[in-house]
Every structure is written in structure tokens, then in C-alpha cells.
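Reading through the C-alpha cells given below for one structure.
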Amino acid sequence: MKLVITLAAIILAVLFPAMAAYLLCSHLTGGLLFLCFGRVNVATMIYPIILAFWNRNILNQPLKVFFIYCIATFCINLIEQLFILGWINNYEIVIEIVEYLDIENTNFMLILYHLKDFAFLGWFYSILMPFRYSIWIKRIAFLLFIAALINYLFIEGYKGYGIFNPTTDAIFSFSLPAIYLRYLYKNMLNVPISKNSYFWISFGLIFTNLIGFFLYLIGDTLHTYYYPLFTKLSISRNGFDMIAQVLLSIGFLYTPFAKYIPLPENEDTQDQKTD
């Protein structure tokens, strides 16, 4: 019965954004369609947050970190959507910001997404990986965090989509879960893959970056010279994001099994005691 309820919930979680996108966005085109899909996507980001909050008392350290990551992702996306809404409706404070920064879009907010990925994904996977990997994850995440800030403030600026920050973010956000899944494949764990929270989270991150990886790499060129194609790819990425939120939610659904998955630091401690 529990399995049936779980499967039904997953199916509904997938169908909801699909139906919402069809009902709210099917009659729109171009930029308005892009904005509509973005709003539906933001709504699905609440999925993993709800499940993580439900299991908040049994979240271990890596899942707590990823819980914070999900909250940060939701908040940044929500702020961007509210800013766009204020811009469309000519809210005074938003118009003042637009005029002061001399901007034509919300590209100036992209730095928040990049810094979030470097900080929290680096933190998350540095906990999950053995020391020989985690030490380099921490160093690379820190260097990219600083480099992204410097690039944003002094080099490429905040008005354009950018090249360096999106490219490094794409490689970083795709590579970490891929490396972890390889590590998972090579190491026998006490919990089946199907009930491994970290597997579902990593799979979800890779899934959401399938198009995002390509979009980040050439997004600046597409945004400048082929905006209709950029819009279509961004809408497709939102669709992948919605499915990815379900995968992340499954990760939090299996939170009770996370305590049976030994973290590398615990394994190192046991090895030292054995020695």
C-alpha cells in the first residue's frame, strides 16, 4: 500500500506541472511563454522542500546542506519572478533599480545562482566524498566562488549573460554529481541504489543540467544573436527542471535510509581505530 501511495504521489507530482503549463502557458508565445514556464517551474521547487521539512528531524549533515541549497534555489527564483512581475506592472521600486543599473533583463541576478551552486554543491559533495576528493572539491569551489565574484564585479559585468561564470558553473554542477555516481558505482553500500537519497539527488542534478550544460556554454551567444532559440532552450530546461524536482524529492523521500549509508569521514575514523 505504501508503495502504491508513493507511486501515485510521484505521478501526480509529474502531472501537476505538465497540466499547469498546458492550462496557463499553451496560449502564449515567445517571452511570455518563457516567463509562464518559469513560474510553473518555481512552483515545483517546493516539492523537495516540503519532503525535507517533513523529515527535518532525521536529516543528516549532507541532507541538511542540500535542504538549504533547495531553499536558496527556490528563494532566488522567486525573487527573480517577483522582480519581473514588478517590472511588468511598473512598480516604482523595481523601475528605480532598473534605471539605476541601466539593465534590460534579469541577467544581473545570475551571479546568485552561480554562487549558490559553488557554495552549497561544493559543501554537499565534500561531505559525501572521501578526503582525497573532498579537499579538492572545497578548494575548487572556493576558487570558483571568488573568481565568479571578481568576474561579475570587474570583468564581464552584470548586464550580459556572461561566458566565464555560466561555463564554470555548468561544468562544476554537472561534474560533481557525475563523479559521485561513479564513486557510488565502485563502492558497495548497505542501501540499495533505489533507496539511496544521494543517488536520486545526484541523478536529479545531472538531469536538470542536461540542457543547462549546453545552454550555459553558449548561452551568451544565443542570448545576444539568437534570442528565439535561447528562449526555446530555456523553456526546455524549465521542463527538465520540473522533472528534476521530482527526482530530488525522491531523494528526500528516502531520508530514513540515509543513516545506513556510511559517510567517508566515518569510514576513515573506523579505519584509524582498526589500525
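The values are calculated or read from the model by the stated rules, or taken from the named source; none is laboratory data. Here the structure is a predicted model, which means the values were calculated and not measured. Note: ideal-geometry Cβ built from the backbone for every residue, glycine included; neighbour counts use all protein chains shown.
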Note to self: So if I check each of Gly212, Gly204, which one is within 19 Å of Met45 (Cα to Cα), crowded, with 18+ Cβ neighbours inside 10 Å, modelled with pLDDT of 90 or more and of a type outside the set (A, V, I, L, M, F, W, C)?
What the structure shows: Gly204
Margin query: Please pick out the residue among Ile93, Ile88 that is within 23 Å of Tyr152 (Cβ to Cβ) and surrounded by fewer than 18 Cβ atoms within 10 Å (Cβ to Cβ).
Written below: Ile93
Notebook entry, point to check: Tell me, which residue of the range 185-194 that is in a loop (DSSP other than H, G, I, E, B) and free of Cβ contacts under 8 Å to residues at least 40 places away in the same chain is nearest to Ser249 (Cα to Cα)?
Noted result: Pro192
Notebook entry, point to check: How many of the residues making up the range 148-190 are out of contact with any Asp or Glu (no Cβ under 7 Å at 6 or more places or on another chain), of a type in the set (Gly, Ala, Ser) and over 21 Å from Thr73 (Cβ atoms)?
Noted result: 1
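Every residue, every condition in (1) surrounded by 15 or more Cβ atoms within 10 Å (Cβ to Cβ); (2) modelled with pLDDT of 80 or more; (3) over 16 Å from Ser234 (Cα atoms), yes or no:
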position: Phe16; (1), (2), (3): yes, no, yes
position: Ala20; (1), (2), (3): yes, no, yes
position: Gly30; (1), (2), (3): no, no, no
position: Leu35; (1), (2), (3): yes, no, no
position: Ile46; (1), (2), (3): yes, yes, yes
position: Asn57; (1), (2), (3): no, yes, yes
position: Gln61; (1), (2), (3): no, yes, yes
position: Ile79; (1), (2), (3): no, yes, yes
Note to self: If I filter the range 33-55 for residues that are over 30 Å from Thr255 (Cα atoms), in contact (Cβ under 8 Å) with a residue 60 or more places away in the chain and out of contact with any Phe, Trp or Tyr (no Cβ under 6 Å at 6 or more places or on another chain), do I get at least one hit?
What the structure shows: yes
Notebook entry, point to check: Can you name the residue in the range 116-138 that is small (Gly, Ala, Ser) and surrounded by fewer than 19 Cβ atoms within 10 Å (Cβ to Cβ) and, of all such residues, is modelled with the lowest pLDDT?
Noted result: Ser134
Item checked: Qualifying positions in the range 139-184 - surrounded by 19 or more Cβ atoms within 10 Å (Cβ to Cβ) and outside any helix (DSSP H, G or I) -> Tyr161, Gly162
Next item on the list: Given the conditions (1) surrounded by 14 or more Cβ atoms within 10 Å (Cβ to Cβ); (2) over 26 Å from Ile127 (Cα atoms), report the number of the one that Cys70 does not fulfil.
Entry: (2)
Next item on the list: Answer yes or no: is there a residue in the range 195-203 that is part of a loop (DSSP other than H, G, I, E, B) and under 18 Å from Ala244 (Cα atoms).
Entry: yes
Checklist line | Pair list, Cβ under 9 Å, 6 or more apart: the range 93-107 residue touching a residue at least 40 places away in the same chain (Cβ under 8 Å), other residue of a type in the set (Gly, Ala, Ser) and surrounded by 10 or more Cβ atoms within 10 Å (Cβ to Cβ) | finding: Asn107/Gly160; Asn107/Gly162
Note to self: Quick check on the range 96-107: of everything there that is among the β-branched types (Val, Ile, Thr) and touching a helix residue (DSSP H, G or I) at 6+ places or on another chain (Cβ under 7 Å), which residue is surrounded by the fewest Cβ atoms within 10 Å (Cβ to Cβ)?
What the structure shows: Thr106
